[in-house]
Amino acid sequence: MSNSTVAELPEPPDLVQVSGEEPETPFGSNELRLSLSEWFAVAFVVCALAYAVPILWKQIEPLQCGPDYRVPFRLGNDYWAIERWIDEAASWGGTLVVGDSVVWGHYVAKDAALPHFLNERTQSDRFANLGIDGIHPAALLGLVKHYGRAVRGRDVVLHCNLLWMSSKRHDLTEEKEFALNHPKLVPQFFARIPCYRESLSGRLGNVIGREVPLLGWASHLQIAYFDNSDLATWTLDRPYECPARAVTLRLPSPDEPPAPEPVARPWTEQGIDRFGPAWVELETSFQWHCFRRTVELLQQRNNRVFVVLGPFNEHMLGDESCRVYQARKQAAESWLRQHSVPCCIAAPLPSRLYADASHPLAEGYRMLADQLLENEQFQRFCGIRRQ
Amino acid sequence: MLFHTWTFALFFAIFYPVYLLVKGTRLKLPWLFLASYVFYGWWNPVYLLLIVWSTTVDYLAVLGMSRSRWKGPWLAMSLVNNLGLLGFFKYGPFVAENLTALLAWLGIPYEVPPPDFLLPVGISFFVFQSMSYTIDYYRGNVHCEPNFIRYATFVSLFPQLVAGPIERASNLLPQLYGTPRITREDLGDGFSLFVVGLFKKVALADYLAQYVDPIYSAPSQYSAAALLLATFAFAWQIYFDFSGYTDMARGIARVMGFRLMLNFNNPYLATGLGDFWRRWHISLSTWFRDYVYVPLGGNRTGTFATYRNLCMTMLVSGLWHGAAWTFVVWGALHALGYSLTRALETSTVYRRRVPKWAKQAGTFLFVLFTWIFFRAESMADAGIIVRRIAEFGMEDPVCPVLMLAMVAAVWLYQRLYESEARWVLRPAPVRIGLVVLMIGYLAVFGVSSGQAFIYFQF
C-alpha cells in the first residue's frame with residue numbers, strides 16, 4: 001500500500017509469544033472466494049433459477065380450481081397463489097367477481113357465495129370468485145395493480161363495501177398505528193397512510209416482493225407449507241421433522257372455513273348490538289379514493305366494469321347513522337353514474353339474512369344474485385336476458 | 001441502518017454510482033463523509049453530535065501536539081475525553097447501580113439516579129479507533145492529519161463504523177489519499193465477502209438466536225441438555241453474527257477500493273486461548289495488545305508481571321464488551337484460561353504430545369463455558385445455568401436438527417478448508433454451487449430477517 005504521508009507502524013511485540021507461528025492471514029474467516037467472472041456465472045445461474053423455479057413449480061403443484069373455486073382462507077395473504085388463480089380465472093374468459101370477504105363468502109361455503117348463485121341462476125360457470133377475505137379497497141387496488149395484469153380486457157364485477165368508509169380506522173386515516181389487513185398491498189410510498197408505520201426497509205421489501213416472482217414463490221412456500229412462518233420458526237416448533245416432507249404439493253382446500261370459524265347465524269342471534277359508525281366523507285375518504293382508482297385502472301386496462309354497491313346491513317344502523325349512510329351511498333352512486341360506470345345499488349336484504357354489518361348468509365347471497373340478475377344494467381353488462 | 005436490510009441496499013445503490021464518479025475528484029472525501037454520517041445518523045441523528053465531538057477533540061489534540069513541545073497534556077485531553085464519553089454513556093448506568101448497592105450496604109438508603117438515555121450505537125468502536133490515532137501520533141507512529149474531513153472520514157467510514165474492524169490510522173488513513181483503485185479482484189472479493197457475511201448473519205446467526213433467546217431469558221425453566229445446546233448455539237450465533245458483520249463490512253469496503261483488516265480467522269479451530277485471541281475479534285485484541293498490554297510492560301518485565309498484565313488486559317477487554325459483572329467475570333475467566341494455556345504451552349510435553357484436536361476441543365469447551373457469562377442476563381442467571389448444567393438433567397432439549405446440521409456443515413467446511421483435502425473446495429463449479437446455494441437459501445428462507453447485530457450494543 002502506498003503511504004507517503006504516514007509513517008509505518010513498527011511491529012509491536014506479540015501479546016504472548018509462546019505458540020510461535022502466526023496463523024497465515026487469509027482473505028476471509030471462511031474463504032469462499034469467487035472471481036468477477038465467476039460472479040457473472042453465479043448471477044446467470046441465480047437469474048435463470050429465479051425465473052424458472054416459479055414457472056416450473058406451477059407444473060408440479062396442481063391448482064385444482066373447479067367451479068365455485070375461491071382462494072383458500074389459509075392462502076389469503078399468498079399473493080403468488082392468488083395471482084395464479086387470477087391468471088387461471090382470466091383464461092376461462094368469464095366474468096370475474098372481485099371484492100372483499102363479502103364476495104369471498106366469509107360466513108358461507110364456497111357453493112353458497114355470490115358467484116355460485118350467479119352461476120346457478122344463469123346455469124353457467126361464467127362467474128369466478130375473485131374475492132379475498134379481509135381485503136379492503138386500498139389493498140384491492142394493489143392486488144389489481146400488481147397481481148391482476150391477466151385480468152386485462154375481461155368483464156369485471158367489482159363489489160364496493162361502504163363498511164370501509166364507516167370510520168377513520170376502517171378508512172385507514174386514523175393516526176394511531178394498528179395492524180391493518182394486507183399491508184403488503186397498500187401503497188408503500190406515494191400515499192400517506194397514517195396508521196401504517198412500516199419501516200423503510202419493510203416498505204422497500206414489500207415493493208420488491210411484488211415485482212420479483214421468486215420472492216412471491218418463497219412466500220407461497222412459507223404460507224402454504226410452513227404454517228405462514230419462516231423455516232427457522234417452523235423447525236423450532238417441530239425440531240425433529242424434515243422440512244422437505246412438509247412440502248406435500250397439496251394446497252389447502254377452498255372448502256376450509258376461516259379460522260376462527262365464524263358463526264353463520266343472523267346477527268340478531270349473535271348478540272350484536274346496533275351501532276352508529278362515524279362515516280367519513282367520501283371526498284376525503286382514502287378507501288373511496290382507492291376504490292375509484294381501482295375502477296379507473298380496470299377501465300384503463302380495457303376491462304368492462306360493473307359495480308355492485310352493498311347491500312350493507314342497514315338494520316344494524318341507528319337512525320342518524322343510517323341517514324348518513326344513505327347520503328354516502330348516493331354520493332357513491334352519483335360518482336359512478338357521472339363516470340358512466342354501470343352499477344347496481346343493492347337493496348337491503350331482510351335483517352335475518354345478515355351475519356354482521358355487511359356479510360349476508362347463504363340465503364342473502366341467493367337473494368342478492370336474484371337482485372343482480374333482475375337489474376337491467378347487469379343484464380346488459382352480462383349479455384343475458386332473464387324472465 | 002443494517003447491512004442486511006433493503007434500506008441499506010437503497011442507500012448503497014444511491015451512494016455507489018456517485019462514489020464511482022467522484023472517487024478521482026476532490027468531492028471524494030466530502031461524499032464519503034456525508035454518506036457515513038447519513039449511515040450513522042439513520043439510527044438517531046442526535047448520536048451524530050457525539051461522533052462529531054469525539055472526532056473534533058481528537059483532531060484538535062493531534063493538531064495541538066504537532067504544534068507544541070508538550071504533547072502529554074494534549075494526549076491526556078484526548079484520553080480523558082474519549083474515556084469520559086465511554087464512561088458516561090456506556091458505564092453510567094452500571095456505576096449508578098453499583099453505587100446504589102454500595103450505599104445500601106453501608107446503610108445509606110439512597111438511589112443514585114441512572115442516566116436516562118440510550119447507548120449510542122457503536123460508541124466503543126469509533127471511540128477506540130479515534131483514540132488509537134492520538135496515541136499513535138504521541139508515540140510517533142503516524143503523522144498529523146491536517147485535513148479535518150479526511151480525519152472525520154477515517155473515524156466514521158460507514159462500512160466499519162458501528163462494529164469494526166477497529167482500524168488503525170496507519171492502515172486506513174493512507175487509503176483515503178488519492179484515487180482508490182477498484183480492480184476486478186476487488187469486486188469479486190467484495191461480493192464474496194458480502195454474500196458469505198450475509199449468509200452467516202441471516203441464515204445462521206438469526207436462526208440460532210431464535211433457539212438461544214428464549215432459553216437464556218428463563219434459564220430456570222430449561223434442562224441441562226437445553227442449556228448446553230443453547231450455550232453451544234450461542235457460541236456459533238455470536239461468531240456468525242459478528243464475523244458475518246465483519247465480512248459484510250470488509251466486502252463493502254473492498255468494492256469501494258478500501259482494504260479493512262481481517263477480524264476473524266476460524267476462532268473455534270484455535271489450539272489455545274492465546275491462539276483464540278489471535279483469531280477472534282483480531283482488531284480489538286491487537287488494540288488491547290498495543291494500547292493496554294504493551295504500555296503495562298507486556299512480557300518484558302518478568303513472569304509475574306507478564307501474567308498480571310495479561311490478566312488486567314483481559315479484564316479491561318471484558319469490561320469493554322459490556323457494563324455488567326457478567327462481562328467482568330467473562331474477562332476474568334479468559335484471563336485465567338489465557339494464563340493457564342500460556343503456562344501449558346511452555347511445556348514441551350504439552351506442545352509435542354497432546355494432539356491438536358485435543359487442544360482444539362479443550363479450547364472450544366473452555367470458550368463455550370465462558371460464553372455462559374457473556375450471554376446470561378445477570379450473574380444470578382449465569383449461576384442458575386451453571387448449576388442446572390451440573391445437575392445434568394437430560395430432558396428433551398427440543399433443538400431443531402436442521403439448525404445443528406447447518407452448524408455442523410459450516411464446521412465441516414472449516415475443517416475441510418484447513419485440512420489437506422482443501423483442494424476439494426477449489427474447483428470453480430464447487431464454489432459457484434456453494435454460493436448459488438447460499439443465495440438461494442437467503443432468497444427463499446431469509447427474507448423475513450431483520451435482527452440487529454449483537455455487537456452493536458457494545
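Here the protein assembly as shown is treated with +1 on each Lys and Arg Cβ and -1 on each Asp and Glu Cβ, and its dipole about the Cα centre works out to around 2200 debye. Modelled spin labels at A:L49 and A:L63, positioned 7 Å past Cα toward Cβ, are 2.4 nm from each other. Stokes-Einstein diffusion for the protein assembly as shown at 10 °C, viscosity 1.306 mPa s, with a Kirkwood radius from C-alpha pairs, works out to 51 µm²/s.
A compact globular protein would have a Cα radius of gyration near 2.2 N^0.38 Å; the ratio found for region B:185-445 is 1.07. Does any residue of region B:298-329 lose at least 30 Å² of accessible area with all protein chains in place compared with its chain alone, and if so which ones (probe 1.4 Å)? Correct list: B:N299. Distance between the C-alpha centres of region B:327-362 and region A:231-255: 45 Å, rounded to the whole angstrom.
Projecting the Cα positions of B:V127, B:L79, B:Q175 onto the charge dipole of region B:6-180 (unit charges on Cβ atoms of Lys, Arg, Asp and Glu, taken about the Cα centre) puts B:Q175 furthest along the positive direction.
Once the C-beta distance of B:L10 and A:A244 is scaled by a Förster radius of 25 Å, the resulting FRET efficiency is 0.10 to the nearest 0.05.
The separation of region A:69-134 from region B:153-180, counted between C-alpha centres, amounts to 58 Å.
When the other protein chains are added to the chain by itself, burial of at least 50 square angstrom of heavy-atom accessible area (probe 1.4 Å, ligands and nucleic acids ignored) affects these residues of region B:250-288: B:L262, B:N265, B:R278.
Counted residue by residue at 0.36 nm each, then reduced by the alpha carbon distance between them, the extension gain from B:S68 to B:F148 reaches 26.9 nm.
Where does the charge balance sit around B:A96 when Lys and Arg score +1, Asp and Glu -1, over other residues with C-beta under 12 Å from its C-beta? Every neighbour counted, the sum reads -3. What total accessible area, in Å², is buried where chains B and A meet, using a 1.4 Å probe and rounding to the nearest 100? It comes to approximately 6200 Å² buried between B and A.
In this structure region B:1-45 gives 49 Å² per residue of accessible area when probed at 1.4 Å with all protein chains present. Could you point to the residue in B:Y37, B:T25, B:A96 farthest towards the positive end of region B:1-128's charge dipole, with +1 and -1 charges on the Cβ of Lys/Arg and Asp/Glu respectively? Value computed over the given set: B:T25.
The residues of region B:111-254 have, on average, 26 Å² of accessible surface per residue, using a 1.4 Å probe with all protein chains present.
Label sites at A:R197 and A:N228, each approximated as a point 7 angstrom past Cα along Cα to Cβ, lie 2.2 nm apart. The mean sequence distance of close C-alpha pairs (under 8 Å, at least 6 residues apart), as a share of the length of chain B, puts its relative contact order at 18 percent. Taking every Cα-Cα distance in region B:382-442 and sorting them into 10 Å bins starting at zero, the pair-distance distribution P(r) comes out as 17, 32, 24, 17, 11 percent. Across A:F312, A:F189, A:F226, mean-square fluctuation computed from a Gaussian network of chain A (C-alpha pairs under 10 Å connected) peaks at A:F189.
Binning the C-alpha pair distances of region A:237-387 at 5 Å intervals from 0 yields a P(r) profile of 2, 7, 12, 14, 15, 15, 12, 8, 5, 4, 3, 1, 0 %, listed from the shortest bin outward. In terms of Cα atoms, the Rg and Dmax of region B:210-294 work out to 16.4, 50 Å.
The charge dipole of region B:6-180, taken about its Cα centre with unit charges on the Cβ atoms of Lys, Arg (+1), Asp and Glu (-1) only, comes to about 760 debye. The residue among B:Q160, B:F12, B:I149 whose Cα reaches farthest toward the positive pole of the charge dipole of region B:6-180, with charges on the beta-carbon of Lys, Arg, Asp and Glu, is B:I149. On the principal axes of its alpha carbon atoms, region B:6-180 extends 66, 50, 21 Å, with the longest extent given first.
The accessible surface of region B:185-445, taken with every protein chain in place and a 1.4 Å probe, is 69 percent carbon and sulfur. A cut-off under 11 angstrom between Cβ atoms defines the neighbours of B:K200, and their net charge, with Lys, Arg +1 and Asp, Glu -1, is -2. Only bridges whose two residues both fall in region A:44-382 count here: according to DSSP, what percent of them are antiparallel, nearest 5? The antiparallel proportion sits near 5 percent. Looking at the square roots a ≥ b ≥ c of the eigenvalues of the Cα gyration tensor of region B:323-394, which shape do they give, rounded for a/c under 1.5, prolate if a/b is larger than b/c, or oblate? Oblate is the answer for region B:323-394, as a/c is 1.5 or above yet b/c matches or exceeds a/b.
Within the shell of other residues whose beta carbon sits under 11 angstrom from the beta carbon of B:N263, the net charge comes to 0, with Lys and Arg scored +1 and Asp and Glu -1. Taken as Cα centroids, region A:162-217 and region B:278-312 sit 54 Å apart, rounded to the nearest whole angstrom.
Taken over region A:44-382, the percentage of Cα pairs per 20 Å bin, counting from 0 up to the bin with the maximum distance, is 30, 59, 11, 0. Simple point charges give the picture: +1 on the Cβ of Lys and Arg, -1 on the Cβ of Asp and Glu, and for chain B a dipole about the Cα centre of about 1760 debye. With all protein chains in place and a 1.4 Å probe, the accessible surface of region A:93-239 carries 51 percent carbon and sulfur. Hey, with R₀ at 60 Å, roughly what FRET efficiency would A:E269 and B:L102 work out to, going by the Cβ-Cβ distance, to 0.05? The formula returns an efficiency of 0.35 here.
The values are calculated or read from the model by the stated rules, or taken from the named source; none is laboratory data. These numbers were taken from a predicted model, which means no experiment stands behind them. As a convention, Cβ positions derive from the backbone with ideal geometry for all residues, glycine included, and neighbour counts pool all protein chains shown. We work out accessible area using only protein heavy atoms, side chains counted, and drop any ligands, DNA or RNA first. Shrake-Rupley method; radii C 1.70, N 1.55, O 1.52, S 1.80 Å.
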